[in-house]
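Input: a single structure, listed below in structure tokens.
The values are calculated or read from the model by the stated rules, or taken from the named source; none is laboratory data. Predicted model only: the values in this text are computed from it and were never measured. With ideal geometry, Cβ positions are generated from the backbone for all residues, glycine too; neighbour counts draw on all protein chains shown. Keep in mind that these areas ignore ligands, DNA and RNA; they rest on the heavy atoms of the full protein, side chains included. Shrake-Rupley method; radii C 1.70, N 1.55, O 1.52, S 1.80 Å.
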Amino acid sequence: MKLEAILWSVVESGALFTAIWLAFRAFPWINADGKAWIWRGAFLKPLLLLLPFSVIVLHVLPASEPIHTDRLPSPTRLGPDSHLAPVQSPDNSAPDPLAYAWAVGTLAMIAFGVRNRIQAGKLIQNAVPIDDVELLYAYEDLAKRARIKRRVRFLRSKEATSAMLVGGIHPTIVLPESVVESNDLVDARLMLAHEMAHLARRDLFWLGALWIVQALFFFNPFVWLAAHCARQEHESATDRLAAELASASVTTYAEMLLRAVAVARPSLAPGYLPMAESARSIRQRLLAMKHFQSKPSPWRRLGVAMLALLIVGVLPSYQLAKASPPQGDVETNWTQMSHNLISLKFTNFDARHAIVKLFLRAKKQYVIEPKVHGTLTVELHNVTFDVALQNMLRQVDASYRIEKGTYVIVAKPMPKLTIPFIPAKESKSTPTGLITFKMDNADVRQVLREIFKSAKVSYSIAPEVQGALDVDLKDASFDVALKMVLDRVHATYRIENGVYEITHVF
């Protein structure tokens with residue numbers, strides 16, 4: 001994991017968990033089951049931070065010119081004798097100590113959980129099935145009320161200090177030997193109802209997922225605090241369901257809960273839910289019982305629903321980014337490379353961004369002088385990198401030189417082309433086929449794009465080629481259509497490396 005990702009997970013998860021805790025403190029009347037579900041959703045936040053597609057980029061900041069890491073501090077220092085050192089790629093072979101620390105910590109958490117789970121398994125191996133008829137009847141009755149159809153083992157153990165539920169292929173409910181032998185059917189039935197409620201609510205799965213988050217983000221104190229609060233709300237929701245399953249009053253259930261307090265705190269292990277809690281946790285669960293009988297009003301239900309929707313809305317990460325630079329009226333650009341040949345298309349596109357895209361796709365080092373700017377329109381098919389670069393630079397009066405393997409792009413006015421019109425028959429690459437289309441008061445650049453598009457040839461149009469005209473062509477050849485349009489706007493062309501370069505006649 002990168003340091004930025006770790007810090008970002010701590011900040012975002014901490015803010016979310018703190019907001020939920022404050023909301024529950026401000027509105028204690030929220031249903032315990034609703035609180036548990038909100039915590040379940042909130043714990044997806046740190047997991048989603050590990051996924052790259054969870055980050056939503058908001059392009060709301062002011063746009064700026066792209067700055068490449070290879071750019072020189074000042075273009076005025078470039079001269080005939082200038083030398084640019086090749087850009088060195090960062091050395092990624094060195095081990096990342098932070099990644100090692102994260103891996104060691106996660107493995108330690110997993111080892112700790114596995115050890116506690118093994119201890120729970122040994123306790124089950126030493127346990128014996130319960131043969132008390134009344135308890136078995138209570139078990140069947142509670143399983144029917146909770147609509148639990150899967151097979152559940154029902155055992156008793158001398159080593160158990162409180163009732164517990166242990167997951168696995170077949171979940172196991174274990175009652176302490178002392179409770180079974182005391183013939184106190186009320187307490188035994190309420191303890192059994194508590195573990196049945198855990199099964200009905202699928203707490204083994206959800207609290208297991210919560211433990212995985214703790215193992216992966218053991219370094220985040222907010223995760224530990226939130227996990228404690230989440231388990232507390234899960235237990236409160238389970239208490240409420242258990243009292244309903246057992247048809248017991250809140251007072252009766254609370255008295256059983258006080259008698260079930262164990263001195264030792266429950267172990268942290270996945271798939272292991274002991275009923276034993278500290279005295280402080282039991283007190284919090286008793287306070288939560290005050291709201292068991294309350295019926296939330298429609299406004300309260302609406303408030304809980306809005307809180308849940310807010311949690312869902314902040315689960316992805318949001319990152320502010322600079323807005324895209326302003327482009328032309330038509331934004332079309334694509335660049336492909338195959339066998340060292342390039343096909344690209346830019347329509348009224350920012351020249352600097354287009355040049356950067358070309359270099360990035362070609363994986364070449366570059367430096368772009370700040371004075372190089374403008375827009376360009378170009379469409380090339382299967383040309384070399386140098387041909388593409390030359391055609392793009394001509395449209396913005398720029399040139400380049402290569403120093404130590406680095407392309408230096410400078411603003412250097414080039415002589416204006418005054419080449420006369422070349423008849424189509426003199427070019428071996430003259431496209432064949434007839435052109436038919438009609439346009440009224442259309443921009444000449446758009447008309448030219450349609451002509452070249454019909455002929456499927458590469459082209460570039462200089463920025464100074466401007467104007468509007470009406471065109472009505474029916475079965476016209478490519479050279480006739482091109483000559484007719486160029487004559488109307490005082491423009492000409494030349495063919496270089498198979499590319500039609502359209503320029504204005506001065």
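Residues that are in a loop (DSSP other than H, G, I, E, B) and among the hydroxyl-bearing types (S, T, Y) do not occur anywhere in region 218-241. The residue pairs whose first member lies in region 7-24 and is more than 13 Å from A230 (Cα to Cα) and without any contact (Cβ under 8 Å) to a residue 40 or more places away in the chain, whose second member is open to solvent by 30 Å² or more (accessible area, probe 1.4 Å) and part of a helix (DSSP H, G or I), and whose beta carbons are closer than 9 Å, counting only pairs six or more residues apart or on different chains, are A15/F222; A19/L310.
Residues in region 228-260 that are over 15 Å from A288 (Cα atoms), touching a residue at least 40 places away in the same chain (Cβ under 8 Å) and of a type in the set (G, A, S): A246, A248, A260. Among the candidates V180, V128, V152, the residue that is modelled with pLDDT of 90 or more, touching a strand residue (DSSP E or B) at 6+ places or on another chain (Cβ under 7 Å) and either more than 24 Å from Q232 (Cβ to Cβ) or of a type in the set (D, E, K, R) (or both) is uniquely V128. Among the conditions (1) charged (D, E, K, R); (2) open to solvent by 70 Å² or more (accessible area, probe 1.4 Å); (3) at pLDDT below 90, K144 misses just one, which is (3).
Among the residues of region 244-263, those identified as within 17 Å of H198 (Cα to Cα), part of a helix (DSSP H, G or I) and open to solvent by 10 Å² or more (accessible area, probe 1.4 Å) are E244, L245. Summed over region 123-141, residues that are open to solvent by less than 100 Å² (accessible area, probe 1.4 Å), among the charged types (D, E, K, R) and outside any helix (DSSP H, G or I) total 1. Comparison of L448, L473 shows that the only residue that is without any contact (Cβ under 8 Å) to a residue 60 or more places away in the chain and within 17 Å of R394 (Cβ to Cβ) is L448.
Considering region 152-185 alone, what residues qualify as being closer than 17 Å to D131 by Cα and outside any strand (DSSP E or B)? Residues satisfying the conditions are V152, K158, A163, E177, S178, V179, V180, E181, S182, N183, D184, L185.
Considering only residues in region 172-202 that are acidic (D, E) and surrounded by fewer than 23 Cβ atoms within 10 Å (Cβ to Cβ), the one that is nearest to A243 (Cα to Cα) turns out to be D187. Inside region 338-371, residues that are more than 15 Å from N391 (Cβ to Cβ) and not small (G, A, S) make up a count of 18.
Per the conditions (1) among the hydrophobic types (A, V, I, L, M, F, W, C); (2) open to solvent by less than 40 Å² (accessible area, probe 1.4 Å); (3) modelled with pLDDT of 85 or more; (4) more than 29 Å from W21 (Cα to Cα), the sole criterion not satisfied by A160 is (3).
Quick one: is D472 exposed (fewer than 15 other Cβ atoms within 10 Å of the Cβ), touching a strand residue (DSSP E or B) at 6+ places or on another chain (Cβ under 8 Å) and at pLDDT below 85? Here the answer is yes, as D472 does meet what is asked.
Rundown of residues vs (1) modelled with pLDDT under 65; (2) of a type in the set (A, V, I, L, M); (3) not in a loop (DSSP other than H, G, I, E, B), yes/no style:
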| residue | (1), (2), (3) |
| --- | --- |
| R40 | no, no, yes |
| I67 | yes, yes, no |
| H83 | yes, no, no |
| N92 | yes, no, no |
| A103 | no, yes, yes |
| G121 | no, no, yes |
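If you go through region 456-491 and keep only what is part of a strand (DSSP E or B) and touching a His at 6+ places or on another chain (Cβ under 8 Å), you end up with S458, A491. Is it fair to say K345 is open to solvent by 10 Å² or more (accessible area, probe 1.4 Å), out of contact with any helix residue (DSSP H, G or I) (no Cβ under 9 Å at 6 or more places or on another chain) and closer than 15 Å to I461 by Cβ? Criteria met by K345.
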